[in-house]
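Below is one structure, written out as structure tokens; comments come after it.
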Amino acid sequence: MIESPSKMLIDVQNNIAAAAKRAQRDTDDINLIAVSKTRRSEEIIPLLEQGHKSFGENRVQEAMEKWPALRSQYDGIELHCIGQLQSNKAAEAIATFDVIHSLDRISLLKALAKEMKKADKYIPCFLQINIGDEEQKGGCAVKDIANLLEAATNADIPIIGLMCIPPADMEAAPFFALLAKLADEHDLPNLSMGMSSDYETALTIGATHIRVGTALFGPRIRNAE
Ligand SMILES: *Cc1c(COP(=O)(O)O)cnc(C)c1O
């Protein structure tokens, strides 16, 4: 199958390289996660053909429907779970994903620990932080980070960093800076922050994993929630 290369991917890669240069960072330390939620396989294949390996989905069910077939065609795919995860989906999430960005509460931690042990598959996780202290939003409260980290250590869950989604309609930079400070305080090396509208800002503040959808695939026309 011949696919035309995605110019949007090339543009984002160039923007990342420029932002890294400005911040005097090595692009090897930056992971671009192509957020493919709502996108059909035909939209994803051009990126795979260009050698892109890292993708993000926010629903377990959708990921299970799309990715096994793509994985059988392309080697080295790394699939990131970036959406809220229900505890009763823990086993499926561990079977489907390589990294989880949305570990945010003890009940989920317990479910993941149990299933990781059962599958003998200890996949790296980020703690998702409710960085703007928003009532309706997922994420662990800042004051609860130490507790959740300790519980993860006790349950053998590898925590590799912190993740956040800053409040909508507010300048993101101060929230990114706070997340970076919290990760530093807890000796966590990775920061999952920055989306299409603010990934370059996130990169100047130390993001190691940026989650970019619209800038790679265009506006989402199908419902993502
Ligand atoms: C959808 C989504 C993104 C990507 O958003 P864009 O604005 O399309 O880049 C990033 N992170 C999470 C958690 C998402 O749900």
Diffusion coefficient in µm²/s returned for the chain by Stokes-Einstein, Kirkwood Rh over C-alpha pairs, 37 °C and 0.692 mPa s, is 184
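Once you list every other residue whose beta carbon is under 15 Å from the beta carbon of K21, what net charge do they have if Lys and Arg are +1 and Asp and Glu are -1?
Numbers: positive: R22, R25; negative: D26, D28, D29, E200.
That sum, taken over residues with Cβ under 15 Å, equals -2.
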Surrounding net charge for E57, when Lys and Arg each add one and Asp and Glu each subtract one, Cβ distance under 9 Å = +2
Separation between the E65 and T214 pseudo-spin-labels, each 7 Å from Cα along Cα→Cβ, expressed in nm?
-> 2.4
Extend 7 Å from the Cα of K53 along its Cα-to-C-beta direction; within the stretch 78-107, residues with backbone N under 13 Å of that point are 78-79
Return, ordered by residue number, the residues of the stretch 81-105 whose backbone nitrogen is under 20 Å from a label point located 7 Å along Cα→Cβ of K121.
-> 81-104
Shape of the stretch 1-117, Cα gyration tensor, a/c cut at 1.5 = oblate
Computed over the chain, protein heavy atoms only, probe 1.4 angstrom, the accessible area per residue in square angstrom equals 49
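What does the extension gain come out to for K7 and E92, with contour length at 0.36 nm per residue minus their alpha carbon separation? Each step should come with its number before you reach the end.
Details: separation 85, 0.36 × 85 = 30.60 nm, distance 3.37 nm.
Separation in residues times 0.36 nm, less the Cα-Cα distance, equals 27.2 nm.
Place a +1 charge on the Cβ of each Lys and Arg in the stretch 134-179 and a -1 charge on the Cβ of each Asp and Glu, then give the dipole magnitude about the Cα centre in debye, rounded to the nearest 20.
On the way: 2 positive and 7 negative charges, 17 e Å.
Using only the charged Cβ atoms, the result is roughly 80 debye.
Is the shape of the stretch 66-171 best called rounded, prolate or oblate, per the rule: a/c under 1.5 gives rounded, else a/b larger than b/c gives prolate, else oblate, with a ≥ b ≥ c the square roots of the Cα gyration tensor eigenvalues? Walk me through the intermediate numbers first.
Numbers: a/c = 2.19, a/b = 1.33, b/c = 1.64.
Since a/c reaches 1.5 but b/c is at least a/b, the shape of the stretch 66-171 is classed as oblate.
Tally up the carbon and sulfur contribution to the accessible surface of the chain as a whole percent, 1.4 Å probe, everything protein left in place.
On the way: 5480 of 11110 Å².
Summing carbon and sulfur atoms, their accessible area is 49 percent of the total for the chain.
Counting only other residues whose beta carbon sits under 13 Å from that of C140, what net charge do I get with K and R as +1, D and E as -1?
Numbers: positive: R105, K137, K143; negative: D104, D133, E134, D144, E150.
So the surrounding residues net to -2.
Based on DSSP H assignment, which helices of the chain show an axial Cα extent of at least 15 Å together with a mean Kyte-Doolittle hydropathy greater than or equal to 0.5?
On the way: long enough: 7-22 (23 Å, -0.01); 60-73 (20 Å, -0.87); 106-119 (19 Å, 0.24); 173-185 (18 Å, 0.90).
For the chain, where a helix must reach 15 Å along its axis and average at least 0.5, the hits are 173-185.
With +1 assigned to the C-beta of every Lys and Arg and -1 to the C-beta of every Asp and Glu, and no other charges, what is the dipole magnitude of the stretch 112-219 about the Cα centre in debye, to the nearest 20?
On the way: 8 positive and 15 negative charges, 91 e Å.
Its charge dipole is roughly 440 debye.
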Using a/c under 1.5 as the rounded threshold, could you call the stretch 1-62 rounded, prolate or oblate? The axes a ≥ b ≥ c are square roots of the C-alpha gyration tensor eigenvalues, and prolate needs a/b larger than b/c, oblate otherwise.
-> oblate
About the Cα centre of the chain, what is the dipole size in debye to 20, counting +1 per Lys and Arg Cβ and -1 per Asp and Glu Cβ, all else neutral?
-> 420
Shape metrics for the stretch 161-203, restricted to C-alpha atoms - Rg then Dmax, Å = 9.9, 30
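The values are calculated or read from the model by the stated rules, or taken from the named source; none is laboratory data. What you see is a predicted model; the values in this text were computed from it and never measured. All Cβ positions, glycine included, derive from the backbone under ideal geometry; neighbour counts span all protein chains shown. SASA here: full protein model, heavy atoms, side chains in, ligands and nucleic acids out. Shrake-Rupley method; radii C 1.70, N 1.55, O 1.52, S 1.80 Å.
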